[in-house]
């Protein structure tokens, strides 16, 4: 089997996939709404309109309401006025979000227990890498690699990662099919989910017990 080379998002160093797969204790962990309170920060932060902004105040408030309502960009363009606005708000929230205390303790426990920690996020790390690394360091959250991945189940399957901590419904539903054990922080959006193997948790201590058994 030919193992692909991956670029380390933070340093640009290459790592051989074979070396990662041979590590027995490896876990992927999401950031937003898993290790922090990202959505709450988006909803509750007071964003002040800047008169130097390229948007009118009316358009600013319109976009902010759309963002908080969960409206997605429907354009086929890679970048639009709305997606630019969304990134500006998200970038602020990446820095303002509070880390979960039990999440920080869990990550430190993983590190001390010899786990290889992969931070796996949907953030655009081409633009948000620096502030993400800064936030992780400020909150004393250890990690070995930082990657951007839209389909985390495929990412974990390719890397040979058996454990994923993530809040996304897609990953919760499809993890079992591809041999990925998914653990997710219980949220309102998870009500009614029927998954035989994915496990919802109230505190990270539960995850610690599951992966340690």
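Just so you know, all these numbers are worked out from the coordinates, no wet-lab data involved. Everything numeric here is computed off the predicted structure, so don't read it as measured data. With ideal geometry, Cβ positions are generated from the backbone for all residues, glycine too; neighbour counts draw on all protein chains shown.
For the chain, the share of DSSP beta bridges that are antiparallel, to the nearest 5, is 20%.
Our estimate of slack between residue 187 and residue 40, defined as 0.36 nm per intervening residue step minus the Cα-Cα distance, is 51.8 nm. Between residue 48 and residue 169, the contour length at 0.36 nm per residue exceeds the Cα-Cα span by 40.4 nm. Over the chain, Cα pairs under 8 Å with separation of 6+ residues give a relative contact order of 24 percent. Angle of helix 101-112 to the longest C-alpha principal axis of the chain, folded into 0 to 90 degrees and rounded to 10: 40°. Computed extension length for residue 108-residue 127: 4.2 nm, one decimal, from 0.36 nm per residue of separation with the Cα-Cα distance subtracted.
What shape does the stretch 51-93 have by the C-alpha gyration tensor, where a ≥ b ≥ c are the square roots of the eigenvalues, rounded means a/c under 1.5, and otherwise prolate means a/b greater than b/c and oblate the rest? Since a/c stays below 1.5, the shape of the stretch 51-93 is classed as rounded. Relative to the dominant Cα principal axis of the chain, helix 125-138 is inclined by about 70°. Axis of helix 81-96 versus longest Cα principal axis of the chain: the two differ by about 60°, to the nearest ten degrees. Using the Cβ-Cβ distance between residue 137 and residue 65 with R0 set to 41 Å, the FRET efficiency from 1/(1 + (r/R0)^6) comes to roughly 0.75.
Kindly list the residues of the stretch 38-61 that lie in the label zone of residue 88, defined by a backbone N under 14 Å from the point 7 Å along the Cα-to-C-beta vector. Counting backbone N atoms under 14 Å from the label point, the list is 47-61.
Comparing mean-square fluctuations of 48, 203, 34 from a GNM of the chain with C-alpha springs under 10 Å, the top value falls on 48.
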